[in-house]
Amino acid sequence: MKNTTHIASRWELFLDEQMIAARDGLELRLQQPIPREIAVEMDKPWEDIGSGVYNTVLKDGDEYRLYYRASWFSKDTENVGDRSENQFTCIAVSPDGIHWTKPELGIIEIEGSTANNAIFAGVNAHNFTPFIDKKPGCPASERYKGTAGHNFNGLSAYVSSDGIHWTVTDYSPILTDGAFDSQNLAFYDTVAGKYRCYSRYFHKFEPQRHVYDGVRAIQHADSEDFVHWSEQIPNAYSPEYPWEHFYTNATTPCPGAEHYLISFPMRFNEERKKVPSHEHGGISDGVLLSSRDGTHFSRLYPEAFIRPAIGDDNWTQRCYITAAGILETSPTEFSIYVGEHYMHSNACIRRYTLRRHGFAALHGNYTGGTMTTEPFTFTGSELMLNYATSAIGSVKVEILRESGEVWESEELYGNSVEERIGFGEGRCPGMLEGETIQLRFTLRDADLFGYHFA
């Protein structure tokens, strides 16, 4: 066997075809998250038209946090829209990622009162995006970091010890090459061992006129210290599809499978207008991208990950902006948060759920089929599967050894995000650790979402 990959004990998901050598009778199928309850309504006076977007979710200790933009454009008579000083970064908190409240923090004065949940105010609150720095040895005073910026002014860097009280750094701006009037975000990539910052640019650029034209797109830069950054690198996509407007990016490491960077761009179709009475044109949905190296993103599933719902307020411009971050709201559930009804009086942030690591599946229909992996080595003693079958469906696994010997599992049926697979008495997968093997899956009326060794 050649081209052996060492997968260690990491989860292998079906976000790309990197580990698939052969597939017969099975298809790769994108999963759709399920819309749940409204997490946060834009119901405060300072949460006017234009609120509830460029959101971020994270967990700090036992507390879940949701950072979002609140805009009160009508109160700013000097600056219009994005350049308004009447923009605020607000925060909602939750014990479980489901039930959210807006704390009165007493930090920012709005209309003569600090009885609000704002932590940041001004033009840069337009797209302020925080993260918890996971770099080893990060000073406690900079445990939180964040970015914010507008258009050609560049991205400023902010630091905080608690995620509530923020200070702009003296090395701002950190990046100037881009069109930053979108949600731009950064995080520390624990797998790559460096900071990454994903931002907006336009696919066509005329540097002599400093004019951006063409398609909204995503780029990134890397840094060892959050101060000095590489040149911007445009995201590359494989397989190739026609360029589409990716208005935001929401790139984040996948919980429990951090070697995958998951991205949830808002895809913008500026040519369509579904609701004639709405002031602005354009409609949007959400798509799913993934990357193993931070530059090359799989577009294996070009279809919509999140489709607009019934109702005119779902079919106007810039709806369905997915928040940066994925929350683990139960051992079997991921939650993502999506801004809905943008520029409407009922704007809100809704929670969506999907099974843990269930972004996409290897699917077998009633007649079934097989898939064989590329050769690999692993670390661990047991093979674990994330799978689901019907009442008559089944999953079987074979370990193909270099010697030609085949280990066959029992027939599996059920629904589990992590189930141990047996191969009979005296056959423990750990006995093959360090040996190059392949797996062959047989699925009938079943979905396989991922596998790993533990």
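Of the set (1) farther than 20 Å from G325 by Cβ; (2) open to solvent by 20 Å² or more (accessible area, probe 1.4 Å), all apply to P253 but (1). Hey, among the residues in region 31-57 that are touching a Phe, Trp or Tyr at 6+ places or on another chain (Cβ under 8 Å) and part of a strand (DSSP E or B), which one's farthest from L448 (Cα to Cα)? Step by step, filter region 31-57, then rank; the result is V40. Restricting to region 38-48, and then to whatever is open to solvent by 60 Å² or more (accessible area, probe 1.4 Å) and in contact (Cβ under 8 Å) with a residue 60 or more places away in the chain, can you tell me which residue is nearest to the chain's Cα centre (by Cα)? So, considering only residues that are open to solvent by 60 Å² or more (accessible area, probe 1.4 Å) and in contact (Cβ under 8 Å) with a residue 60 or more places away in the chain, the one nearest to the chain's Cα centre (by Cα) is I38. Once region 285-318 is narrowed to residues that are open to solvent by 10 Å² or more (accessible area, probe 1.4 Å) and assigned to a strand (DSSP E or B), the residue that is nearest to K194 (Cα to Cα) is H296. Taking residues in region 440-454 that are hydroxyl-bearing (S, T, Y), and partners anywhere that are at pLDDT 95 or above, the pairs with Cβ atoms closer than 6 Å and at least 6 places apart or on different chains are T442/T370; T442/K396; Y451/E12; Y451/L385. For region 89-106, what are the residues that are in a strand (DSSP E or B) and either free of Cβ contacts under 8 Å to residues at least 12 places away in the same chain or open to solvent by 10 Å² or more (accessible area, probe 1.4 Å) (or both)? Within region 89-106, V93, T101 qualify. Set side by side, the residues S390, S403 differ, and just one is open to solvent by 10 Å² or more (accessible area, probe 1.4 Å), at pLDDT 95 or above and in a strand (DSSP E or B), which is S390.
Consider region 427-454 and keep the residues that are outside any strand (DSSP E or B) and of a type in the set (D, E). The one that is farthest from T332 (Cα to Cα) is E435. Of all residues in region 358-372, one or more are buried (at least 19 other Cβ atoms within 10 Å of the Cβ), under 30 Å from G52 (Cβ atoms) and touching a strand residue (DSSP E or B) at 6+ places or on another chain (Cβ under 6 Å).
Are any of the residues in region 47-57 within 30 Å of L443 (Cα to Cα), at pLDDT 95 or above and of a type in the set (V, I, T)? Within region 47-57, none of the residues are within 30 Å of L443 (Cα to Cα), at pLDDT 95 or above and of a type in the set (V, I, T).
For region 58-77, filtered to residues that are open to solvent by less than 10 Å² (accessible area, probe 1.4 Å) and among the aliphatic types (A, V, I, L, M), the residue that is farthest from K134 (Cα to Cα) is A70. M343 meets all of the listed conditions (1) touching a residue at least 60 places away in the same chain (Cβ under 8 Å); (2) open to solvent by less than 20 Å² (accessible area, probe 1.4 Å) but one, namely (2).
Among the residues of region 406-426, those that are outside any loop (DSSP other than H, G, I, E, B) and not small (G, A, S) comprise V406, W407, E408, L412, N415, V417, E418, E419, R420, I421.
The conditions of being acidic (D, E) and either at pLDDT below 95 or surrounded by 17 or more Cβ atoms within 10 Å (Cβ to Cβ) (or both) are met by E270.
Scanning region 10-30 for residues that are surrounded by fewer than 14 Cβ atoms within 10 Å (Cβ to Cβ) and either touching a Ser or Thr at 6+ places or on another chain (Cβ under 7 Å) or part of a loop (DSSP other than H, G, I, E, B) (or both) yields a count of 3.
Can you find a residue in region 240-250 that is part of a strand (DSSP E or B), at pLDDT 95 or above, crowded, with 16+ Cβ neighbours inside 10 Å and aliphatic (A, V, I, L, M)? Among the residues of region 240-250, not one is part of a strand (DSSP E or B), at pLDDT 95 or above, crowded, with 16+ Cβ neighbours inside 10 Å and aliphatic (A, V, I, L, M), which makes the answer no.
The values are calculated or read from the model by the stated rules, or taken from the named source; none is laboratory data. As the structure is a prediction and not an experimental result, all values here were calculated from the model. As a convention, Cβ positions derive from the backbone with ideal geometry for all residues, glycine included, and neighbour counts pool all protein chains shown. The accessibility values were calculated without ligands, DNA or RNA, using every heavy atom of the protein model including side chains. Shrake-Rupley method; radii C 1.70, N 1.55, O 1.52, S 1.80 Å.
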